[in-house]
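A quick write-up on the structure given underneath.
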Amino acid sequence: MNQPGAAQRRTAVTPFLGEGAGGRARFLAVLWGLTFVALAQADSPEPPPFQLPLLDGESRTHAPPQGKLERAAQPDPRALFELAMGCYPARSLFRAEIALEGRAARRQAGTDALNPAEVAAGSGASYVGVVARIPLYSSLEIDREREREFQRRKAVAGAVGALTQALAERAVVARKLSLFRALEKRAQERVAIGVAETGEQVQYLKEVAELEGRLNEARAKVVEARMTFVGLCAEGVPADRVDAYIRQFTRGIE
C-alpha cells in the first residue's frame, strides 16, 4: 500500500492555509479572533439569577408560626347590648316625666284670671311646683312606640353580632396568613436552589395577597361595628363609655 508523501501532505493542508504567507496570516488572524472572544466571554460576569421577592418584602425564615390558633377575645353580648340600650339618645316614651313647673297668675279687674277664689282668700298670684306627667296615648300610638322600640333593640343586637363575627373572623384569617407566609418563603428558597419552578412561589404569593385583602376586610368590619355602637349612643359620656368597653377587645386591630 502506497504511503502519501510530503508533497501530498502539503497539497492537503494548502487549501486550508491558503497559498503562501497571505494564507497563513489569515489563519492566524482568525485564530486570534476566536481566542479573544473566548477570553472576553470568560471575563464578563454572568447576570444574577432572577429572584421573585416576597409580597411583604420582609427578611424572614420559612419557620411556621408556633402554638395553636388563638381565639379572639369577645365582649359579653348581654353586657354590650344593655350598655348600648342604656346610652340610646332617645328617651323612652313609656316612662313618666318629672318636671319643675312655674305658673304666674294675671289679675284682671281685681280678680285672678286663673282662680278668683284663691285671690279672694288672699292666696298669691304665682307658684312653683314639681309636676309628674305620664303621657296618655291612643292604642295606635302605643303600637308605634313598641315598633320603634323593637327596631331599636334589633339594631343593637345586629351590631353586637357583627362585632362578634368580625373579631372571630379576623383571628382565623391572621392565623391562616402566617401559615401561607411561611409556605411562600419556603417556595422562594426552593426556587433559588433550582428544585422548584417560579410558578410555585407565584401561587403562594397569590394566596398571601388574597389573605391580606381578607384581613383588611375583617379589620374594616370591626371598625364599622365599633362606629355603629358610637352612632347608636348619645354624644359625650354615653358614647365614650360604650367605645371604651369595645376597645378593650379591638386593641392591635385598628
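Between Leu179 and Ile142, what FRET efficiency comes out of the Förster formula 1/(1 + (r/R0)^6) with R0 = 41 Å and r the beta carbon distance, rounded to 0.05? Using R0 = 41 Å, I get an efficiency of 0.15. Each of Glu58, Glu82 was scored by other Cβ atoms within 10 Å of its Cβ. Listed from fewest to most, they are Glu58, Glu82. With both labels modelled 7 Å from their Cα along Cα-to-Cβ, the Ala168 to Arg24 distance reads 9.5 nm. For Ile253, Ile246, the sequence from fewest to most other C-beta atoms within 10 Å is Ile253, Ile246.
Only the coordinates and a few stated rules stand behind these numbers; no lab work does. These figures come from a predicted structure and were not determined experimentally. All Cβ positions, glycine included, derive from the backbone under ideal geometry; neighbour counts span all protein chains shown.
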